[in-house]
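Engineer: Got a structure for you, questions after.
The values are calculated or read from the model by the stated rules, or taken from the named source; none is laboratory data. Please read all numbers here as calculations on a predicted model, not as lab measurements. Reconstructed Cβ throughout: ideal geometry from the backbone, glycine too, with neighbour counts over all protein chains shown.
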Amino acid sequence: MKINKKHILIATITIIIILALLAFDVRLKIVQYNITSEKIKKPMRIALVTDLHSCKYGAAQKTLIDAVDKEKPDMILLGGDIFDDEIPDDNTKIFLSAIAKKYPCYYVTGNHEYWSMRVNEMLDWLRAHDIKDIGGKTIRTSVNGNEICLSGLNDPDDARYTGKGDGMKAELGRAMNERDDTAFTMLLTHRPSFVNLYKDAGFDLVLAGHAHGGQWRIPGILNGVFAPDEGFFPKYAGGFYHFDNGGEMIVSRGLARESTRVPRIFNRPELVIVDLKP
C-alpha cells in the first residue's frame, strides 16, 4: 500500500496538536485519596487547598467554589501560598470569603505570604473572616464524631522576614508535645521538603503543597522536573507517600496557573479531597 505523504503530515500535525492541548491543559481537576484508620469512627472528608497564588478560576471564582461545594467537605485545610506577593489579593479574598461561610477553614502560611511583606495584614483579614490561623498551634476538634488533633506549621520564611517566631523545628517539637495521640493527628504544613522531620514526628497524616507538581510532568513516568527546595526530579513534588513508621503524607500539586513563570506541562492544577474512613 502506497503511503500518502500528505496523510502522514496531517496525522503528525494532529498528534502534535492533541499532545499540546493535553500538555498545556490547566483546567481544574479533583484528586482524591482514601485514608483508613482505626481512630476514625465515621467517614469524614477534607478539602486540601494549596498554592492558589490569587489565580483566577472563572467569574467571581465560581469554578473553584463550585468544585469545593460539589465535594461537600467537612473541613478545609489551606496549606499556604493562597495569597501571592505580586498578584492582587482579590481572587483569593473572593474565594476565601465564600468558603469560610460554609465550612470550617484552617490556614498555615506559605513563603509567598512572607515575600509580600504584608503577612500580618493577610492574617488579620483571615481572622476577621473566621478562618483559623493554626501556624505554630495545635487544636482539638470533633468532626462527625471523630476526634481530630490538628497541628500547623508556619512557613520557615516566618523568622527570616518577620524576625519573630520560634522557627519551624521548634514549632514541630511543640506540636509533637501538645498533640493527643488518642485522636487522629494531622500536620498541616506548606513545604514537603522537610519530609525527614515529618517522618520522625509521628503524625497520622501530613498535608503539604509548595512544589507545584514539579511544574513539568510525564504522568506515570516522571513526577516533576523541578521543585523549590528539592531541585531537579523531586521525589515529593505531589501525590501520596507512606512512611515506614506508619504515617502518611499527601502533597497537593496546587492551584497556581497564571502566577507561574514557567507553564505547567501535563500537570493540571488540582483540588485535593481526602476521605478518612474507619
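Engineer: Can you tell me which residues in region 215-237 are in contact with a Lys or Arg (Cβ under 8 Å, 6 or more places away or on another chain) and either within 30 Å of T182 (Cα to Cα) or of a type in the set (G, A, S) (or both)?
Structural biologist: Listed by number, the residues that qualify are G224, A237.
Engineer: Within the group V206, V195, which residue is of a type in the set (A, V, I, L, M, F, W, C), part of a strand (DSSP E or B) and either under 30 Å from A170 (Cβ atoms) or touching a Leu at 6+ places or on another chain (Cβ under 6 Å) (or both)?
Structural biologist: V206
Engineer: State all residues of region 235-278 that are touching a His at 6+ places or on another chain (Cβ under 7 Å) and farther than 25 Å from T92 by Cβ; if no residue qualifies, say none.
Structural biologist: Once the filter is applied, which keeps residues that are touching a His at 6+ places or on another chain (Cβ under 7 Å) and farther than 25 Å from T92 by Cβ, region 235-278 yields only E248.
Engineer: Which residue out of N245, N196 is out of contact with any strand residue (DSSP E or B) (no Cβ under 7 Å at 6 or more places or on another chain) and without any contact (Cβ under 8 Å) to a residue 12 or more places away in the chain?
Structural biologist: Unique residue meeting the criteria: N196.
Engineer: In region 111-153, which residues are among the small types (G, A, S), crowded, with 17+ Cβ neighbours inside 10 Å and in contact (Cβ under 8 Å) with a residue 40 or more places away in the chain?
Structural biologist: S151, G152
Engineer: Then there is this: Are any of the residues in region 167-177 in contact (Cβ under 8 Å) with a residue 24 or more places away in the chain, assigned to a strand (DSSP E or B), touching a Pro at 6+ places or on another chain (Cβ under 8 Å) and under 30 Å from N120 (Cα atoms)?
Structural biologist: The answer is no; no qualifying residue exists.
Listed here are the residues, each with its yes/no results for (1) more than 12 Å from the chain's Cα centre (by Cα); (2) modelled with pLDDT under 95.
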site: T185; (1), (2): yes, no
site: R191; (1), (2): no, no
site: H210; (1), (2): no, no
site: G213; (1), (2): no, yes
site: R217; (1), (2): yes, yes
site: F226; (1), (2): yes, yes
site: E248; (1), (2): yes, no
site: F266; (1), (2): yes, yes
site: V272; (1), (2): no, no
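Engineer: Looking at region 23-70 only, could you name the residues that are of a type in the set (D, E, K, R), out of contact with any strand residue (DSSP E or B) (no Cβ under 9 Å at 6 or more places or on another chain) and outside any loop (DSSP other than H, G, I, E, B)?
Structural biologist: K62, D66, D69
Engineer: Test each condition in (1) of a type in the set (S, T, Y); (2) surrounded by 21 or more Cβ atoms within 10 Å (Cβ to Cβ); (3) within 22 Å of G135 (Cβ to Cβ) for Y57 and report the one that comes out false.
Structural biologist: Every listed condition holds for Y57 apart from (3).
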